[in-house]
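First up is the structure itself, then whatever we jot down about it.
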Amino acid sequence: MIHPQAIVDPGAQIGKNVRIGAFSVIGPGVEIDDATWIGPHVVINGPTRIGKNNRIYQFSSLGEAPQHLGYQGEPTRLEIGDRNIIREYCTFNRGTAAGGGVTRLGDDNFIMAYCHVAHDCRVGHRTIFANGTSLAGHAIVEDYVIFGGFTMVHQFCRVGAHTMTGISTVTFKDIPPYLLVAGNTAVPHGLNLRGLKRRQFSESAIESLRRAYKILYKSGLRLNEALAQIEAIGKECAEVRHLADFIKSSERGVIR
């Protein structure tokens, strides 16, 4: 299962039925769980843990030291879940001590070629990163987000669940859940209705989200005034309640 021209450190822990291609380098402190496939010319440094049934394509670099001037060699980590697809030339860095020490990718994500996940980022489940998407340090991405190609997310920004971005979107603020956004800098273009329907959101939930969107982006109200009305809708709708909670917890402010 391990190509004779691969280099695997004796300190690495390799699970059952793991395949490692030619010229790949697996460093000390790396854990790779069962049935994960690693192509040729992949470099994985530790401490890094990779779950089951992942596919990692050639020329990717995972678990390298964070690109942070304050990093002094502390033992930080990268954690990758199960069933992810990571295509060519992707770079995922370990965390920093000041940022919590862990960069984390969840399960069932599709990361296309040339994507970057910086130190201390947290990515949820079932996301899609189109080619060239980059997350700066400490970014948080919730579940079911779809990034258009070459999307750029500034450090410490959050992207809410079920959001979809257009090609070359750039954001310096938090993007609330359920939106379609595009532009440099990002502006909203309505709800991600197609995505919500594909994921079987109820008609009543979608209608409540429509009302909340109009209050937030079409009413002309100040953010605190809009939020009060959205919270009232959220008492009867869990999806709107998540939207309200996301806005309330924003430290960078949300796009408007």
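The values are calculated or read from the model by the stated rules, or taken from the named source; none is laboratory data. Everything numeric here is computed off the predicted structure, so don't read it as measured data. Using ideal geometry, Cβ is built from the backbone for each residue, glycine included, and neighbour counts are taken over all protein chains shown.
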- prompt: So which residues in region 30-44 are free of Cβ contacts under 8 Å to residues at least 40 places away in the same chain and in a loop (DSSP other than H, G, I, E, B)?
  reply: Asp34, Ala35, Thr36, Gly39, Pro40, His41, Val42
- request: Filter region 134-164 for residues that are assigned to a loop (DSSP other than H, G, I, E, B), polar (S, T, N, Q) and under 19 Å from His68 (Cα atoms) and give the result.
  value: Gln155
query: Consider Asp120 against the criteria (1) surrounded by fewer than 20 Cβ atoms within 10 Å (Cβ to Cβ); (2) at positive phi: it satisfies all of them except one. Which criterion is unmet?
result: (1)
- prompt: So Ala35 fits all but one of (1) crowded, with 16+ Cβ neighbours inside 10 Å; (2) touching a strand residue (DSSP E or B) at 6+ places or on another chain (Cβ under 7 Å); (3) of a type in the set (A, V, I, L, M); what number is the exception?
  reply: (2)
message: For region 2-38, give me each residue that is more than 27 Å from the chain's Cα centre (by Cα) and among the small types (Gly, Ala, Ser).
response: Ala6, Gly11, Ala22
- prompt: Quick one: which of Thr127, Thr151, Thr133 is modelled with pLDDT of 95 or more, surrounded by 19 or more Cβ atoms within 10 Å (Cβ to Cβ) and not assigned by TED's automatic domain parsing to the domain that holds Cys90?
  reply: Thr151
- request: Give me a count of the residues in region 200-219 that are without any contact (Cβ under 8 Å) to a residue 12 or more places away in the chain, outside any loop (DSSP other than H, G, I, E, B) and of a type in the set (S, T, N, Q).
  value: 0
message: I'd like the residue in region 56-71 that is touching a residue at least 12 places away in the same chain (Cβ under 8 Å) and surrounded by fewer than 16 Cβ atoms within 10 Å (Cβ to Cβ) and, out of all such residues, is nearest to Arg83 (Cα to Cα).
response: Ala65
query: Between a first residue in region 130-143 that is on the phi > 0 side of the Ramachandran plot and a second residue that is of a type in the set (A, V, I, L, M) and not in a strand (DSSP E or B), which pairs have beta carbons less than 9 Å apart while being 6 or more apart in sequence or on different chains?
result: Gly132/Met112; Gly132/Ala113; His138/Ala118
- request: Could you list all residues from region 223-256 that are assigned to a loop (DSSP other than H, G, I, E, B), of a type in the set (Lys, Arg) and either farther than 9 Å from Asp174 by Cβ or free of Cβ contacts under 8 Å to residues at least 40 places away in the same chain (or both)?
  value: Lys235, Arg256
- line: Going through (1) hydroxyl-bearing (Ser, Thr, Tyr); (2) more than 24 Å from Asn84 (Cβ to Cβ); (3) in contact with a strand residue (DSSP E or B) (Cβ under 8 Å, 6 or more places away or on another chain) one by one, Ser204 fails only at (3)
